[in-house]
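The values are calculated or read from the model by the stated rules, or taken from the named source; none is laboratory data. These numbers were taken from a predicted model, which means no experiment stands behind them. Positions of Cβ are generated from backbone atoms using ideal geometry, with glycine treated the same way; all protein chains shown enter the neighbour counts. Ligands, DNA and RNA are stripped out before the accessible areas are found, and what is left, the full protein with its side chains, is counted by its heavy atoms. Shrake-Rupley method; radii C 1.70, N 1.55, O 1.52, S 1.80 Å.
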Amino acid sequence: MMFSLLQLPGQAYAKDELDVHADAAIIIEPTTGKVLYAKNEDEALGIASMTKMMSEYLLFEAIKEKKITWDQEQIISAYAHEVSVDAQLSNVGLNEGKPYTIQELYEAMAIYSANGATIAIAEAIAGSEGKFVDMMNAKAKELGLKEYYFVNSTGLNNKDLKGKHPKGEADDENLMSARSTAILAAKLMKDFPEVLDTTSIAKKKFRDLPGEMKNWNKMLPSLEFEYEGVDGLKTGTTDLAGRCFTGTATRGDFRVITVVMNAKDDNGVSSDRGRFGQTQKMMEYAFANYSMKEIFPKGYEVKGHKSLDVVKGKDKSVKVQTEAPLTTVVKNGEEEAYNPVFELDKDKVNKAGELTAPIKKNEQVGTLVAEHKGDDDYGYLTKSFEPSVKVVTTNEVEKANWFVLMMRSIGGFFSDLWTSVSDTVKGWF
């Protein structure tokens, strides 16, 4: 488990153009990790049921690794039952000692944020919720999250768990930063895109229970705050966390993820209108101002690095260029606001920065990244997200035979000798 309030070193902050009414907020493009807007994004705050994105990740991973199956039945424990029948919490009632499939428990968790169903899934995967929480913290570290603290599988305050909370103190609650929440959402959607098949469901019947499970994400089609393109991802509400929401939507091929934590409306009131209204404002800003652009084309030659010196080869240098286009998310009008930065692969060169023959065609010798020129850019979620493209050789260079290498050595000797004599003679005058 890791808990930190440190900000990323060297992070520049743009002027707050949106004035989002929330304790913390962030907008990202998930494939590149480009941050389009951020506010207090590195402070760990209550996340409530946004926690369930981590529970979903571990469930999908367990399915992929064949540790459990969708049609596998889980017998409901006394603990899961007791939580599930608490009408003050988001739940579908589960009968103690009765079997439910992992599929229907998952749908109850993802659509209706059912807490008893989440506990039942945790018990199915790890044997107990306590062991599952250990898995949550371990996975958070593996995914590169920096600010996180998990004490249960649901996001409830521990005091709501009937004295059976698995970790932490009696009134502890799960915490993450907006940045870490966005990273988790991006990883979940990248590794298990099928999650959106369920999070996009507005309403669904659960067995023979009266009524329907209505998705708490009210920005979905047909619901109160419907917004075009929204298909996920997870809400969360507790007294500590306030109203939170990790949302995602698309316009054409362009997708964004937004996070708001303890969001309020324009009157400062914590409400659904606040969290979904602030989310809509963020999404509209992203779609109106950003798009995916090609910054440097395939075959781009970096100024000052169009070729690299080669030792022990038939040729003394080799040309290099980008293997593919470098694309990233760009704010409108800032297509020229990026500098190309060439990073040489240190494992491929000697201390003098030279390559050693033989060299194959299309052999990677480094990478090219795009560096924003200004100080008003939010950068990327982490260094690992930063888009880059391979820089490769344009032709092969064969190793020179022993005679050529010997003649070069002799030539170099006499060249050094002549230089030494020349310098000495110059010193006489």
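State whether one or more residues within the range 350-367 are out of contact with any His (no Cβ under 6 Å at 6 or more places or on another chain), within 30 Å of Leu18 (Cα to Cα) and part of a strand (DSSP E or B). No, the range 350-367 contains no residue that is out of contact with any His (no Cβ under 6 Å at 6 or more places or on another chain), within 30 Å of Leu18 (Cα to Cα) and part of a strand (DSSP E or B). Could we say that Val256 is touching a strand residue (DSSP E or B) at 6+ places or on another chain (Cβ under 8 Å) and β-branched (Val, Ile, Thr) here? It is true that Val256 is touching a strand residue (DSSP E or B) at 6+ places or on another chain (Cβ under 8 Å) and β-branched (Val, Ile, Thr). Going residue by residue through the range 153-166, is there one that turns out to be under 22 Å from the mean Cα position of the chain (by Cα), farther than 29 Å from Glu73 by Cβ and of a type in the set (Ser, Thr, Tyr)? Looking for residues that are under 22 Å from the mean Cα position of the chain (by Cα), farther than 29 Å from Glu73 by Cβ and of a type in the set (Ser, Thr, Tyr), one finds none in the range 153-166, hence no.
Scan the range 125-134 and give yes if some residue there is closer than 19 Å to Gly46 by Cα and at pLDDT 95 or above, otherwise no. There is at least one residue in the range 125-134 that is closer than 19 Å to Gly46 by Cα and at pLDDT 95 or above.
Within the set Thr248, Thr154, the sole residue that is of a type outside the set (Asp, Glu) and assigned to a strand (DSSP E or B) turns out to be Thr248. Of all residues being among the hydrophobic types (A, V, I, L, M, F, W, C) and either touching a Pro at 6+ places or on another chain (Cβ under 9 Å) or within 30 Å of Phe287 (Cβ to Cβ) (or both) in the range 333-362, which is least open to solvent (accessible area, probe 1.4 Å)? Just the residue, please. Only one residue tops the list, namely Ala337. From the list Lys164, Lys139, the one residue that fits, being open to solvent by 10 Å² or more (accessible area, probe 1.4 Å), charged (D, E, K, R) and part of a loop (DSSP other than H, G, I, E, B), is Lys164. For the range 74-124, name all the residues that are charged (D, E, K, R), closer than 22 Å to Glu212 by Cα and under 32 Å from the mean Cα position of the chain (by Cα). Answer for the range 74-124, where residues must be charged (D, E, K, R), closer than 22 Å to Glu212 by Cα and under 32 Å from the mean Cα position of the chain (by Cα): Glu104, Glu107. Residues of the range 18-57 that are closer than 21 Å to Val269 by Cα and at pLDDT below 95: Leu18, Asp19. Contact map, the range 165-182: residues that are more than 11 Å from Leu45 (Cα to Cα) and among the aliphatic types (A, V, I, L, M) paired with residues that are open to solvent by less than 10 Å² (accessible area, probe 1.4 Å) and not in a strand (DSSP E or B), Cβ distance under 6 Å, separation 6+ or inter-chain. Pairs shown: Ala170/Asn158. Just one of the listed residues (Ala117, Ala124) is open to solvent by less than 10 Å² (accessible area, probe 1.4 Å) and either at positive phi or assigned to a helix (DSSP H, G or I) (or both), namely Ala117.
The criterion of being more than 30 Å from Glu147 (Cα to Cα), polar (S, T, N, Q) and surrounded by fewer than 16 Cβ atoms within 10 Å (Cβ to Cβ) does not hold for Ser388. I'd like to know if the range 200-222 contains one or more residues that are part of a strand (DSSP E or B), at positive phi and either surrounded by fewer than 23 Cβ atoms within 10 Å (Cβ to Cβ) or among the aliphatic types (A, V, I, L, M) (or both). For the range 200-222, residues part of a strand (DSSP E or B), at positive phi and either surrounded by fewer than 23 Cβ atoms within 10 Å (Cβ to Cβ) or among the aliphatic types (A, V, I, L, M) (or both): absent. If you filter the range 315-332 down to residues that are open to solvent by 70 Å² or more (accessible area, probe 1.4 Å) and modelled with pLDDT of 90 or more, you find that the one that is farthest from Glu301 (Cα to Cα) is Asn332.
Can you name every residue in the range 269-307 that is in contact with a helix residue (DSSP H, G or I) (Cβ under 9 Å, 6 or more places away or on another chain) and more than 24 Å from Asp239 (Cβ to Cβ)? Across the range 269-307, there are no qualifying residues. With the structure loaded, tell me whether Leu105 is assigned to a loop (DSSP other than H, G, I, E, B), open to solvent by less than 10 Å² (accessible area, probe 1.4 Å) and more than 20 Å from Asp239 (Cβ to Cβ) or whether it fails that test. The answer is no for Leu105.
Yes or no, residue by residue, for (1) part of a strand (DSSP E or B); (2) hydroxyl-bearing (Ser, Thr, Tyr); (3) crowded, with 21+ Cβ neighbours inside 10 Å:
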{"site": "Asp266", "(1), (2), (3)": "no, no, no"}
{"site": "Thr279", "(1), (2), (3)": "no, yes, yes"}
{"site": "Met282", "(1), (2), (3)": "no, no, yes"}
{"site": "Gly299", "(1), (2), (3)": "no, no, no"}
